[in-house]
Amino acid sequence: VGIAPCSSACPVGIHVQGYLALIAEERFQEAIDLVRQAIPFPGICGRICTHPCEANCRRTEIDEPVAIRALKRFIADWEMKNAGNAPIPASKKHSPGKDAKRIAIVGAGPAGLTAAHCLAQKDYSVTVFEKLPIAGGMMAVGIPAFRLPREILRAEINAIEAMGVAIKTGVAFGRDITLEGLQSQGYQVVF
């Protein structure tokens, strides 16, 4: 059967057809959950992605591509409005066991936060160390607020923290922490 051209064009491999089908059935929470299997930032991606999926959408053979990025933004905004500050369901909460491998991540930019998200899903104990006073890396300091509203960035970072990830800002690698220091604190892996 193969992979649809839209999903194949997605640099992070989001199951585009799957979440679009769920949106069509008004199963919005399931749609956003499917997107989050691939990425921790659906609201951000729904705003700043260059959407190569749309250029490869088979719908262009008939008329225009499906507004894939805008629909991702829609479900992310729907979740923020409807889930709000509701507690994370138990099935989504992650509490690493006392024997969980401790992992340190240096940098709270897109790569570090994505790694933290994926590792927390696998029940690892994750701490992210960030040199800047805020998490988000270039999403926070390189993309203007009119393009990426700060409340969207903060909400998606909060969702990662709610998974049990600790984020420590104002901590510079080489000045405040070192590889040897992290290892002596019991971190078995450093990203």
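Summary of values
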| quantity | calculated |
| --- | --- |
| Local electrostatic count, I105, Cβ distance below 15 Å [Lys/Arg +1, Asp/Glu -1] | +2 |
| Nonlocal amide H pairs with E130, under 5 Å, H built at 1.01 Å | G107, K168, T169, G170, V171 |
| MRE, 222 nm, helices only [DSSP H, n ≥ 4, -39500 (n - 2.57), over the chain, to nearest 500] | -12500 deg cm²/dmol |
| Accessible solvent surface per residue of the chain, calculated while the other protein chains remain in place, 1.4 angstrom probe, Å² | 55 Å² |
| Table column - 3J(HN,Hα) (Hz), segment 143-154, Karplus curve with 6.51, -1.76, 1.60, x for Gly and Pro | 9, x, 4, 5, 8, 9, x, 5, 5, 6, 4, 4 |
| The chain, relative contact order [Cα under 8 Å, separation at least 6], % | 20 percent |
| List H117, H15, ordered by accessible area with a 1.4 Å probe, largest first | H15, H117 |
| T114 accessible area, 1.4 Å probe, all protein chains in place, Å² to nearest 10 | 40 Å² |
| GNM top mover of I23, I157, I32 - the chain, alpha-carbon springs below 10 Å | I23 |
| Computed accessible area, K168, all protein chains, 1.4 angstrom probe, square angstrom | 100 Å² |
| Cα long-axis angle, helix 28-38 against the chain (0 to 90 degrees, to the nearest 10) | 60 degrees |
| Gained length - R58 relative to A70, 0.36 nm times residue gap less alpha-carbon distance | 2.6 nm |
| Crossing angle, helix 110-121 versus the chain [Cα axis fit, 0-90 degrees, rounded to tens] | 90 degrees |
| Cα-only radius of gyration and Dmax that characterise the chain, units Å | 18.0, 61 |
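The values are calculated or read from the model by the stated rules, or taken from the named source; none is laboratory data. This structure is a prediction, so every number in the text was calculated from the model and none was measured. Every residue, glycine among them, receives a Cβ derived from its backbone with ideal geometry; neighbour counts consider all protein chains shown. Each accessible area value is taken on the protein alone, full model and side chains, heavy atoms only, with ligands, DNA and RNA left out. Shrake-Rupley method; radii C 1.70, N 1.55, O 1.52, S 1.80 Å.
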